[in-house]
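> My questions will all concern the structure given below.
Quick note: the coordinates plus some simple rules give every number you see, no bench work behind them. Nothing here was measured: the structure is a model prediction, and the numbers come from that model. Don't worry about glycine lacking a Cβ; one is built from the backbone with ideal geometry, like all the others, and counts go over all protein chains shown.
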Amino acid sequence: MYIKKILLAILIVFIATTIFAHEGHKEKKPVTKPDTLTIVGKDTIAINGMPTEKFMAAQHSKAVEEDRENINEEEKEVKEVTIGAAFEHIHNKVIHFPIALTVIAIILMVLGYKENKYLGSLKIIVPTAALFTIIVVFSGLNQAEPFEGTAAY
């Protein structure tokens, strides 16, 4: 009985980590804060060794450039969705299926070890995982050409 509870807990943790695996991977912009301030009287005359006006102008130009980039991204046209787009980069779309199906098959094999009660499900899951594996291999080889000779290959 304890083994089933432990396996269920492991399954819940595995599902949670799988669901949230790509969470928070957005590119974060570095925050630039002034390191040193040169203050004479009550006036700040330099920030990071740069005259205040020059530093503020540089910060302003960075902000304006970021705003331009955001506007350009918003104005991009939406491409027409076609049937061909569904099969574009198919490797990236199906790569997780054989992995997930194999893990599910292993879990079902462990849970139904003595009684073979998941045998019918396994007869469907394992060939499906094998089929997806074949699709992933051939689509990956087809998609590998741009990466040949690079570190990603």
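> Would you calculate the separation in nanometres between label points at residue 6 and residue 115, each defined as 7 Å from the Cα along the Cα-to-beta-carbon direction?
Spacing of the two 7 Å Cα→Cβ label points: 2.0 nm.
> On to the next question. Stretched out fully, how many nm does the piece from residue 143 to residue 96 gain, at 0.36 nm a residue minus the Cα gap?
This chain segment gains 15.3 nm when fully extended.
> Taking the number of other C-beta atoms within 10 Å as the exposure measure, put 118, 2 in order starting with the fewest.
Exposure proxy ranking, most exposed first: 2, 118.
> How do 96, 91, 60 line up, fewest other C-beta atoms within 10 Å first?
Placing the least packed residue first, the sequence is 60, 96, 91.
> What is the order of 150, 128, fewest Cβ neighbours within 10 Å to most?
150, 128
> Could I ask something else about it? Can you run the Rg to Rh ratio on segment 88-144? Use alpha carbon positions and the Kirkwood inverse-distance Rh.
1.12
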